[in-house]
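Everything on this sheet refers to the single structure shown next.
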Amino acid sequence: IQLTQSPSLLSASVGDRVTLSCKGSQNINNYLAWYQQKLGEAPKLLIYNTNSLQTGIPSRFSGSGSGTDYTLTISSLQPEDVATYFCYQYNNGDTFGAGTKLELK
Amino acid sequence: EVQLVESGGGLVQPGRSLKLSCAASGFTFSNYGMHWIRQAPTKGLEWVASISPSGGSTYYRDSVKGRFTISRDNAKSTLYLQMDSLRSEDTATYYCARTHYFDYWGQGVMVTVSS
């Protein structure tokens, strides 16, 4: 299964609602996770099984989707959210998306 | 607190070997599948290998099959990745991670394959 993330680069302002997309080449059956990677750090799990929030992750992060189309939403962008975001499917094999780099406008 | 600490990285010549370790603490290691994931410089993430909780089942990406071996010592709460016949394209930061959706990651260890 191939994963396509869009956009590859997103500029937004503090307080904006931000939506990141991840599309699979086949049905992912909700076995999708989202990770945040800040510069020089290891990735951190944000969301698993499409919409389950990992312990300790702020509630402004949420996930949704079904079939081949999935979304990560940040309800109100904070400065500390500047990072690259990766999606990952574990339904059929193991595939990461190429990432969306989120920067402040 | 769950902690994963990788070690064993470094600079190695093409064709040589290297063994990575991942020391786990803060959870019952023998209850969890474990994984290695890598990230080439300025590139995305790539799953490398996985091992079942008992160690009885292992899985590899095609490009490392026959060259890399994932293993674990549940008595020592340690995960390993034996990397043989290394190639320049194996140059990356290697992370160990827990469970099938990678809920916890180590800090990563750099492997550079170069002459």
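Bear in mind that the values in this text are calculations on the coordinates, not laboratory data. Bear in mind that the values here come from a model prediction, so they are computed numbers and not experimental data. Here Cβ is always computed from backbone atoms with ideal geometry, including for glycine, and neighbour counts include all displayed protein chains.
Can you compute log10 of I(q)/I(0) for the protein assembly as shown with the Debye formula, treating each Cα as one identical point scatterer, at q = 0.08, 0.15, 0.18 Å⁻¹? Those come out to -0.28, -0.98, -1.31, one per q.
Inter-label distance, A:THR73 to B:SER30: 4.5 nm, where each label sits 7 Å from its Cα along the C-beta direction.
Using only the Cα atoms of the stretch B:27-115, each taken as one equal point scatterer with no solvent, compute I(q) by the Debye sum, divide by I(0), and report log10 of the ratio at q = 0.13, 0.15, 0.22, 0.24 Å⁻¹. For the stretch B:27-115, the Cα-only Debye profile gives -0.40, -0.53, -1.11, -1.29. In the structure shown, the pairs A:LYS38/A:LYS101; A:LYS44/A:LYS105; A:LYS23/A:LYS105; A:LYS44/B:LYS43 are assessed against 20 Å; a Cα-Cα span above that value is assigned to A:LYS44/A:LYS105; A:LYS23/A:LYS105. The label-point distance for A:GLN2 and A:LEU104, in a model that sets each label 7 Å from Cα toward Cβ, rounds to 3.6 nm. Once you reduce the stretch A:1-77 and the stretch B:40-115 to the center of their Cα atoms, the two points are 24 Å from each other.
Rounded if a/c is under 1.5, else prolate if a/b is larger than b/c, else oblate: which is the stretch B:66-108, with a ≥ b ≥ c the root eigenvalues of its Cα gyration tensor? Mind showing how you got there, number by number?
Details: a/c = 2.35, a/b = 1.38, b/c = 1.71.
Cα axes put the stretch B:66-108 in the oblate bin.
Determine which residues of the stretch A:49-91 fall in the zone a paramagnetic label at A:SER13 would reach in this model, i.e. backbone nitrogen under 18 Å from the point 7 Å along Cα→Cβ. The answer is A:74-82. For the stretch A:1-104, the set of trypsin sites (Lys or Arg not before Pro) satisfying both a DSSP loop assignment and a count of at most 12 other C-beta atoms within 10 Å is given as A:ARG17.
Looking at chain A from every direction and averaging, what is the projected area of its Cα convex hull in nm²? Could you put the intermediate results ahead of the total?
Details: hull surface 23.2 nm².
The Cα convex hull of chain A, projected and averaged over all directions, gives 5.8 nm².
Computed over chain B, relative contact order equals 37 percent, with contacts defined as Cα pairs under 8 Å that lie 6+ residues apart.
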